[in-house]
Structures are given as C-alpha cells and as structure tokens.
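The values are calculated or read from the model by the stated rules, or taken from the named source; none is laboratory data. Bear in mind the structure is a predicted one, so any value in this text is a computation, not a measurement. Cβ placement follows ideal geometry from the backbone for every residue including glycine, while neighbour counts extend to all protein chains displayed.
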Amino acid sequence: MQSSGTAKDEWSSGLRPSHHAPRLGHLWIPAGLLTLAIFLVDILTPIDGAVAVLYVVVVLISGRSGRRRDTLIAAGVAILLTIYAYADTHGFRHIGSPTLRVFVSLAAIAIAGVLVLQGQTAAGALLRSERRYRRMFDASRIGIVEEDWRAIRSAVGGAPQDRDATVRRLRGLIRIVDVNPAMLVMLGWDTAAPIIGTAHNFLMVSERIFAETLDAYLRGDAFFEAEAEIMRANGNTLPALLSITFPPREDPDGTVLIFVVDTTERRQAQHALLRAQAELAHAARTATLGELSASIAHEVNQPLMAVVTSGEAGLRWLRRDEPDLAEVEQSITRIVAEGRRASQIVARIRSFVKKAPVQMELLDVATLVEDSVLLVESELSTVHVVLDRAVAPGLPALRGDRIQLQQILVNLMVNASQAMAAQSAPRRLRIAAHRDGEDRILITVGDTGPGIAPEDLPRLFEPFFTTRQEGLGMGLAICRTTAEAHGGRLAVESCQGEGTAFILRLPAAETELA
Amino acid sequence: MMPSGKSGATPAKPTPEAMIIIVDDDAAVRESLDSLFRSVGFATRLHAAPAELLAAPLPDLPGCIILDVRLPGISGLDLQGELARSGIALPIIFMTGHGDIPMSVRAMKAGAVDFLAKPFRDQDMLDAASVAITRDRQRRRETQAVDGLRARYETLTAREREVMVHVVDGLMNKQVAGRLGLSEITVKIHRGNAMRKMLARSLAELVRQAETLGLPRP
C-alpha cells in the first residue's frame, strides 16, 4: 500500500521510529481478512441481524495505524460493502426492518469513523508535541535533568528540628527521572542508567545551594537560579549555572526540571578579561610613574645624597687631628637611616609597578590613603600643590587589591595636580575619606582647578578620552573599571571655575581588620 | 650669630669667619650638609623652607646660600629672584636632583655661583662654597667702601656739597663762585673742607668718589 511507502520516507527523513506508530503491514492483513469474513457472512448467510455493524471493528483497527487516510479507506470500504450486500440481498424496492438495520450499521460505521478520526487528530497533536519536546530534550546543548520531588512535598510538615539533617534527609527523597544527552556529556557519564531512579543528586555539590533551592520550592516559587559547582563522574567539578523550575503547587505531577549550563568557558572568558584589565592597569601605572619620574628621581636622590654627604662628612670628622667620634656616630646613624629610607622608596615604587595578580585583601583606609599620598607627595610639592588630608578615624576596612586601589587614588591626585598646573590661583588638593551610611566608604579627591567643561563630563570616563595633549585617556576609564570590579562606583562633580571632586564609593568589608 | 648644631664641634672659633645658609626641605639632606660644613670649620644655619630664610635676619658675616632647586611652595630659581629683589646679595649655590641644562643656565645667568647635581663630591661643594664666600667677602668690602664714602659725604654741609658738585664737574673756583653768588675765597674754604671730610688727596680722587656715589651733575 502507498501508506507504507510514505511511512518509510518519514522514517528515513531522520525521525526515529516510535512505538506510537505500528507498522501498517501487520494491520492490513487482519483488517482485510476480517472485512472479507464480515462481507461473506453478510452476503451469504441468512442471519437476521446487523452483521455490518461488525465493520466498526475494522474501522477501529484501521485507527490504530494513526493515519487518517487508512481510517477513511476502511470506513469507505465498509460502507460500500454494507450497501452492496444490502442491495444484493434485499434490493432497493422493499423498505423494511433490514433497511433499518442497514442504516444502523452505516450510522455505527460512520460514527466509529468520526470518533477514530477525532481520536487520531488528538493523538497526532499529542504525538507531534511529544516529539517536539523529546527533540528539545535530546538535542539541546543545555543539560536537562528531570527529577521527581513529590516525596519531598509529602515529607515536609511540622517544624523541623535540625535543619541540616532535614535538608540531607529530604535530599535523599529525590528521584532522578531522566537526564538528557547533553547533561550526560557534561557529567562525563556514558549512560543515564546508573543514576535514573536514584537520589544521586549530583547537581548540588554544596548542601547550601540545595537548601536554598529547597526553600524556594517550599515557598512555592516558580523557579530558582544558582551558580554551582557540579560533580563530574571522574570526581572533578564543573562551574555551572542552574535554572530550576518547579511545578505549580496544584500540579499533581511533581516533576522538577533542572537546566544546566556549563559556565567553564564563560568563567575562562571572565578570567581572560580580568587578566587583560590587569595588564592594562599595569600599563597605566607604568605610564603614571613615567609622568612622575622627575619627582621620583628627586625622591630617591635625597636619601642617596644624604648618605654620600654624611659619609664624606663623617670621614672628615674622623680625619681631624682630634677625631670627633660623636659627629662620626651621628653621620653613620644618618647613613643607615637614609639607606633604609632609599630602599623603602624603591620598594614602594616597585610594588606599584609590579605585575602581580589581583589579590583581594582587607585594607585599612587610612593606610591606603597614606600609601597613595606617599607616591605623589613629592610631585605635588614640585608643582606647588598644597595637599590637605582628612581621613575620618575608625573607618571600617575595605576588601580589595591594594595596588589597584592605590592606582585610583594616585591617578586622581596626579590628574588634579595637572588640572591646576596652569593656574596662579591657590592650588589645593584635598583627599578625604569618611563613612557613607552603614556599609560604604567614600573617598573624595577634590581640587581647586578650573573644573571640567560640561560637554566633557559625560565622556570623561570613556576610554581614550582626554583633554591633555600628551594624555592617553585611559586613566579614568581604568579607575572606573577598577572601582566597579571592587563593587564600588567612581563619580565626578565639577563646577567650572571652582574645581572638581572625584568621589569613590567602595563597600566596606564585612569582616573588620583583625 | 651662633652656628646651629653642636657648638663644641667648631673648636677655637668664637666668631666664625663665614656663615653657610642651607635651605632644603629634607631634614637628612640639611643635616648631612650641616655636618660637612662644620667638619671644615664653617658656621651654618639651616632652613627647611624659603619662607624661613626670608623671615630670619641675615648674619653680618660673609657667606653663601645653598639652595635646592625644588623647594616646597616656591622653586629655588624663583627664590633667587625674590632674594635679589629684597636686596639680599648672598651668593647662591644650587643643588638639584635632576639638573637640566636650561635650568642651570638660568640660575647661573641670575648670578648663581655653582649648580651641583645631587649627590655631589664633598670637595666640589666645599670648593663652590669657598668661591662663593670669597666673592661675598669681596662684595662686602666694596659695599663697605661705598658705605664709608657715603657716610663721609653725609657729613658735608649743603653748601660744601654744592661746591663739590661744581668742582668735580670741572669748574674753576672763580666760575663756581660766579654760579653760586659767593666770593672766590669762600668757595676755596668750602672746597678745602669737602676734600678734607671726604679724605680726598687730590681733585682726581674727589671726582672718582663723586662717580662712586653717583652724584648728580649740576
């Protein structure tokens, strides 16, 4: 029959054969034999009854093929055979009880046909829908786990005594229903068989995340999202983003779907981005030090000169006719102290330009401000900027990278001093730190410079935006990125003719400095 | 004025011959220079800031100022100008951490004795200081000479000055008498008094003195 041919085409087009579509060959033989038997009985035997009603069985059998055409053919053949048998046996002239019987038979066949067709339509839609979702499940690159949480809902009740124990117990009640291929690949399992039906809740490596998910489920939330490490078959972990959807409360089907996205690549990209930012920040620091090189040379030279001159003076005291040992001692003491000072200056500068990985640590705000000031103090003094420091006492600690935060402050202070370089008006720079609400620290760097043109303000933090001829325009962009990487903000307020203030807001660390 | 630092460090010199004024914002630099100069017998005075130097009275001694080019509040070069304007003529030796040529040229043109890059050899600094002190001593002597002359000139009466002006202009006694409406004998007496008071041994010397004093022509 032509139907079997189309079926073959359909299968070869890529869809997997499914148990919902039985092979037609198996049906046509019994259906054909049954039709023949009914027809022969109807036409050859003198039974007084609606034998043709039995064609209903043939129509029902045809319905099992799942194809409308088969049902239509079966019903059509049945109706034709019934009418032929009636005409052959009774003729059309006489109207009587056989006529009534034949109408009953025809009606039954027709009704059966309509019902079968309706059923087929519904089943077909269901089948298509099922296939579609199956395809999503199987072909998706997102890992999907289907779990049965019904046992949890019935197990929760009353006030739990020990939360941890409860969470562990409830976790054991979960049953994995299905796992899609993408998920298996992600987990490194060859087959889902070993985990289906178990409580092997491999997704929640940490109890904490499971507990949070459980809370969301019991609250009646529709979904819950979390970033978690999931355990692979080989014991390694994998960073993943979990999106967990819960069935509505009134849904008796307790299936929970967990969508899992492997975030390894994203995390690698984030790391690469952080590395690139660090490189850029390092380049900017080096450039800043380049701008400060004259003051740095001076700063290093001062102790060196003191060392050399003290040594020479000491020798002269020693070579006198009557050596003055007290003076010699003073000279040597100064040599030692100044030698140390020189090495500290060098260490401070070295640490500022060192290419070190980002290191988040607890930082004291006053020390941070002080260290930054030390790097620019000499420069400020050269360009005759008067520095005013106001760090409120008892500030909470910050959590951050010391060098990167120093870089922000150094950059802002150097910018401010450059902004004031051309003016004869007093050059004042004020660096202040105080608390902003309960959990934030505010550090402001303000100058008495000419201010920033209003049209420049919106672009101030854009990369490569600069108002200076020799500027690269990366400084403020890096400062803002760094502030944001520390969970903070960098803003600017400027009043033309009065000055500019940069405001750095940073979250206070939760733990106080030890 | 007593030298700063340990007074016992400069033995056998109750009144120092010269005073070195050191201006640097860095205490260690100041102290090491102080020690160096005292070790060879100079008196020193230390200042951390230019303002201190300008505020303190200057010693009546030959000396020099040792100045860092880069100072808080004002640059060493600007301070040099400031000192010149306030009539402080002490020679200046500049020190710098990063001596660039234009800066040293500017300093030398403005009358600096030397321009030393830190760290320098002690002998270079001491040599520069002795050059500066010699120069200052010379200048002081010249100033003192002019000062003496001026003091002597102050003792002349108005008439004697009048006569002196005309005489050094080359007029004869008679001509002077005619101009001033005096008798020739009176002019002679005034002229004699002026030359005596000015300690001028000849008319030529009186003329030189008038030039030194910058007396106006009649």
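So which residues in segment A:344-382 are within 14 Å of chain B (Cβ to nearest Cβ) and surrounded by fewer than 14 Cβ atoms within 10 Å (Cβ to Cβ)?
A:Gln344
Taking the conditions exactly as written (part of a helix (DSSP H, G or I), of a type in the set (Lys, Arg) and either out of contact with any Asp or Glu (no Cβ under 6 Å at 6 or more places or on another chain) or not assigned by TED's automatic domain parsing to the domain that holds A:Ala390 (or both)), does A:Arg480 satisfy them or not?
So A:Arg480 fits the description; yes.
Collect the residues in segment A:357-404 that are without any contact (Cβ under 8 Å) to a residue 24 or more places away in the chain and among the β-branched types (Val, Ile, Thr), keeping them in residue-number order.
Hit for segment A:357-404 is A:Thr367, nothing else.
Name every residue in segment A:383-408 that is under 28 Å from B:Asp25 (Cβ atoms) and either within 14 Å of another protein chain (Cβ to nearest Cβ) or acidic (Asp, Glu) (or both), in order of residue number.
Across segment A:383-408, the qualifying residues are A:Val383, A:His384, A:Val385, A:Val386, A:Leu387, A:Asp388.
From A:Ala337, A:Ala297, grab the single residue that is without any contact (Cβ under 8 Å) to a residue 12 or more places away in the chain, surrounded by fewer than 19 Cβ atoms within 10 Å (Cβ to Cβ) and touching a Gly at 6+ places or on another chain (Cβ under 6 Å).
Just one listed residue meets the conditions, A:Ala297.
If I filter segment A:258-274 for residues that are in contact with a Ser or Thr (Cβ under 8 Å, 6 or more places away or on another chain), among the hydrophobic types (A, V, I, L, M, F, W, C), closer than 30 Å to A:Arg350 by Cβ and assigned to a helix (DSSP H, G or I), do I get at least one hit?
No: segment A:258-274 contains no residue that is in contact with a Ser or Thr (Cβ under 8 Å, 6 or more places away or on another chain), among the hydrophobic types (A, V, I, L, M, F, W, C), closer than 30 Å to A:Arg350 by Cβ and assigned to a helix (DSSP H, G or I).
Which condition does A:Gly66 not pass, out of (1) loosely packed, with under 13 Cβ neighbours inside 10 Å; (2) of a type outside the set (Phe, Trp, Tyr); (3) on the phi > 0 side of the Ramachandran plot, if it passes all the others?
(1)
State whether one or more residues within segment B:38-55 are within 14 Å of chain A (Cβ to nearest Cβ), farther than 23 Å from B:Arg121 by Cβ and in a helix (DSSP H, G or I).
There is at least one residue in segment B:38-55 that is within 14 Å of chain A (Cβ to nearest Cβ), farther than 23 Å from B:Arg121 by Cβ and in a helix (DSSP H, G or I).
When the residues of segment B:75-107 are filtered to those that are within 14 Å of chain A (Cβ to nearest Cβ) and of a type in the set (Gly, Ala, Ser), which remaining residue is farthest from B:Ile21 (Cα to Cα)?
For segment B:75-107, the residue satisfying everything is B:Gly99.
Going by the structure shown, is B:Pro72 surrounded by fewer than 21 Cβ atoms within 10 Å (Cβ to Cβ), modelled with pLDDT under 80 and either within 14 Å of chain A (Cβ to nearest Cβ) or not in a strand (DSSP E or B) (or both)?
Judged against the criteria, B:Pro72 is a match.
Can you tell which of A:Val308, A:Val300, A:Val336, A:Val328 is more than 7 Å from every other protein chain (Cβ to nearest Cβ) and under 21 Å from B:Thr96 (Cβ atoms)?
Of A:Val308, A:Val300, A:Val336, A:Val328, the one residue that is more than 7 Å from every other protein chain (Cβ to nearest Cβ) and under 21 Å from B:Thr96 (Cβ atoms) is A:Val300.
Results for (1) in contact with a Phe, Trp or Tyr (Cβ under 8 Å, 6 or more places away or on another chain); (2) part of a strand (DSSP E or B); (3) under 30 Å from A:Gln404 (Cα atoms); (4) not assigned by TED's automatic domain parsing to the domain that holds A:Glu484, shown as yes or no for each residue.
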{"residue": "A:Met186", "(1), (2), (3), (4)": "no, no, no, yes"}
{"residue": "A:Ile195", "(1), (2), (3), (4)": "yes, no, no, yes"}
{"residue": "A:Glu212", "(1), (2), (3), (4)": "yes, no, no, yes"}
{"residue": "A:Leu218", "(1), (2), (3), (4)": "no, no, no, yes"}
{"residue": "A:Glu229", "(1), (2), (3), (4)": "no, yes, yes, yes"}
{"residue": "A:Ala233", "(1), (2), (3), (4)": "yes, no, no, yes"}
{"residue": "A:Val256", "(1), (2), (3), (4)": "yes, yes, no, yes"}
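Is it true that A:Ala313 is more than 7 Å from every other protein chain (Cβ to nearest Cβ) and assigned to a helix (DSSP H, G or I)?
no
When you go through B:Ala204, B:Ala177 one by one, which is the residue that is buried (at least 18 other Cβ atoms within 10 Å of the Cβ) and not in a loop (DSSP other than H, G, I, E, B)?
Among B:Ala204, B:Ala177, only B:Ala177 is buried (at least 18 other Cβ atoms within 10 Å of the Cβ) and not in a loop (DSSP other than H, G, I, E, B).
Yes/no matrix, rows are residues, columns are (1) modelled with pLDDT of 90 or more; (2) touching a Leu at 6+ places or on another chain (Cβ under 7 Å); (3) not assigned by TED's automatic domain parsing to the domain that holds A:Arg350:
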site	(1), (2), (3)
A:Ala390	yes, no, yes
A:Leu412	yes, no, yes
A:Gln418	no, no, yes
A:Ala421	no, no, yes
A:Ser424	no, no, yes
A:His434	yes, yes, yes
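Every residue, every condition in (1) in contact with a helix residue (DSSP H, G or I) (Cβ under 9 Å, 6 or more places away or on another chain); (2) aliphatic (A, V, I, L, M); (3) touching a residue at least 12 places away in the same chain (Cβ under 8 Å), yes or no:
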residue	(1), (2), (3)
B:Met108	no, yes, no
B:Arg121	yes, no, no
B:Leu126	yes, yes, yes
B:Ala132	no, yes, yes
B:Asp136	no, no, yes
B:Arg152	yes, no, yes
B:Thr155	yes, no, yes
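For segment A:477-514, give me the residue count where each residue is modelled with pLDDT under 90, polar (S, T, N, Q) and touching a helix residue (DSSP H, G or I) at 6+ places or on another chain (Cβ under 9 Å).
3
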